[in-house]
Structures are given as C-alpha cells and as structure tokens.
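Below is one structure; the comments refer to it alone.
The values are calculated or read from the model by the stated rules, or taken from the named source; none is laboratory data. Predicted model only: the values in this text are computed from it and were never measured. In this analysis, Cβ positions are derived from the backbone assuming ideal geometry, glycine residues included, and neighbour counts consider all displayed protein chains.
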Amino acid sequence: AVMAGRARRLYGRILQLHRALPPALRDLGDRYVKEEFRRHKAAGPAEAQRFLREWEATLIQQQINEDKQNLREKAVYGIQLTEEKLDDFRDEQIGQLKELMNEVTKPNKKITISKDSEFKT
C-alpha cells in the first residue's frame, strides 16, 4: 500500500511537470510515463524500489532543468545518459529508448519552438 501510494504521487508529479512542455512533447512524454508505470505495476519489491528511485531522480533532474529554463528562458528538455547508466539498462529498456528516439526524430514530427509559443509539427 505504501509503495502504491508513493508510485501514484510520483506519477502525478511527473505528469504535472509535463504540463510545461510543448504539446507534442507533452503527449509523447505522458504516453511514455503511462506505459512505463503500467509495465511495472506487477514488479517485485526490489524492482519496484529501483524503478521508483530512478523515476524520482529523473523527476528531480526535470525540476532542476525547469528552474534553469526559467532563469535563462531557453528550453532544454531531457538529460544526458552516461555510459555507466546505459550499462545498467536491460535490453527491453534499450529498445524502449530506441523507440522513443525514433518517435521524436521522425522526419514529419519535427518540433520547432519559437519565442511566441507557437508550435509547429
């Protein structure tokens, strides 16, 4: 019950942070987070702990990036994954990252963000 409550709060905070993203990125991010949380719903205690820790670290990094953006008014999304971090990923996770990269870099899905908040896809 404690783990489920922690997961729900974390999930809500992540989706709340996504509200600041441009619409196309928000939609993509929301779908990714929903799928990830759904996949790990039946995870064992050790895997669930690690899953939540990693997402909490990601959430903190997103908040830091958001604060930096507010200071310099230039949008920066995502974090750099170190080789060490990538080595910890399972093959399934690497596949998911590849799918995410392919989705974001589709030729007809380019996202242009202008200062007047007009978004083009």
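Quick check on the range 14-25. Is at least one of its residues under 17 Å from GLN96 (Cβ atoms), in contact with a helix residue (DSSP H, G or I) (Cβ under 9 Å, 6 or more places away or on another chain), at pLDDT 80 or above and of a type outside the set (A, V, I, L, M, F, W, C)? No - not one qualifying residue is present in the range 14-25.
Please find, among GLU84, GLU66, GLU56, the residue that is among the charged types (D, E, K, R), at pLDDT below 85 and under 26 Å from GLY5 (Cβ atoms). Working first, answer last.
On the way: GLU84 fails: under 26 Å from GLY5 (Cβ atoms); GLU56 fails: at pLDDT below 85.
Checking each option against the conditions leaves just GLU66.
Here LEU21 passes the criteria (1) surrounded by 15 or more Cβ atoms within 10 Å (Cβ to Cβ); (2) free of Cβ contacts under 8 Å to residues at least 40 places away in the same chain except the one numbered (2). For the range 26-58, a residue qualifies if it is assigned to a loop (DSSP other than H, G, I, E, B) and farther than 15 Å from GLN96 by Cα, and the qualifying residues are LYS41, ALA42, ALA43, GLY44.
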